[in-house]
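Each remark here refers to the structure printed beneath this line.
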Amino acid sequence: MFMQHWGPLLLPLTQNLGVIALAALAFGAFGQCRLQMSRLTRGIVVGLIFAVSALISMAIPVEIAPDIAFDGRAVLVLLSAPFGGPVATLVVGATTVASRLLQGGPIAIPTALSLVVVSLMSVGWWALRRKTGIRMSDLFIAGAVVGVPAMVLIAAIHGLVHDGRLLRQFGPLLVLSGIIATVVLGGLLMVERRRLTAERALA
């Protein structure tokens, strides 16, 4: 049963996780230069790193049904504000929404709307943890809910619930992949941020 439903999805799912890991590496490579930049410039650069990663992720979607697929873009949008500020979210959110609308298809509008919702969630998360910092428990919670806006909006607007069969069949995979991707990327970003903070303190 597992291989029948989930087996063909493992390769693109792994590729998407690889893209997310590359985003973390790019964020780390940009770390030293970031100290010399203004907050606005940092937000733009982080947003561009996440936006490019999201576009690559969108090019290798995990297709679960005709016209229905998911990838790592929502995770990148969700983590953009906590690690780059609202400007980063504006950059990556606008890029992914525009790209999804240009792709077209029957679920383009609900998918684009879900990215807007995730962008708002990202900025809200940033505002909530601006002073205390991101916690590891936050990443698990965020990963569990990152796919909810897309599932709800696609089902509500386009009616692609198939009597609930699609969600029952692939819902656990969507939640699990969201948690893994968010924890992996968020954890790597947290490690990099702590390293930069320590270097700044020593300097």
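The values are calculated or read from the model by the stated rules, or taken from the named source; none is laboratory data. Values in this document were obtained by computation on a predicted structure and should not be read as measured data. Here the Cβ positions follow ideal geometry from the backbone for every residue, glycine too, while neighbour counts run over all protein chains shown. Heavy atoms of the whole protein, side chains included, go into the accessibility calculation; ligands, DNA and RNA do not. Shrake-Rupley method; radii C 1.70, N 1.55, O 1.52, S 1.80 Å.
Tabulated values for the structure
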{"read-out": "Residues of region 146-203 that turn out to be at pLDDT 70 or above, farther than 30 Å from Leu25 by Cα and touching a helix residue (DSSP H, G or I) at 6+ places or on another chain (Cβ under 6 Å), as a count", "value": "2"}
{"read-out": "Residue under evaluation Trp126, criteria (1) of a type outside the set (D, E, K, R); (2) out of contact with any Phe, Trp or Tyr (no Cβ under 9 Å at 6 or more places or on another chain); (3) part of a helix (DSSP H, G or I); (4) open to solvent by 20 Å² or more (accessible area, probe 1.4 Å), criterion not met", "value": "(2)"}
{"read-out": "Pick from region 17-27, criterion open to solvent by less than 60 Å² (accessible area, probe 1.4 Å) and modelled with pLDDT of 80 or more, ranking: nearest to the chain's Cα centre (by Cα)", "value": "Ile20"}
{"read-out": "Top-ranked residue in region 84-116 [being free of Cβ contacts under 8 Å to residues at least 40 places away in the same chain, of a type outside the set (A, V, I, L, M) and open to solvent by less than 30 Å² (accessible area, probe 1.4 Å); ranked as nearest to Arg130 (Cα to Cα)]", "value": "Gly93"}
{"read-out": "Hits in region 28-57 (condition: among the polar types (S, T, N, Q) and crowded, with 23+ Cβ neighbours inside 10 Å)", "value": "Ser53, Ser57"}
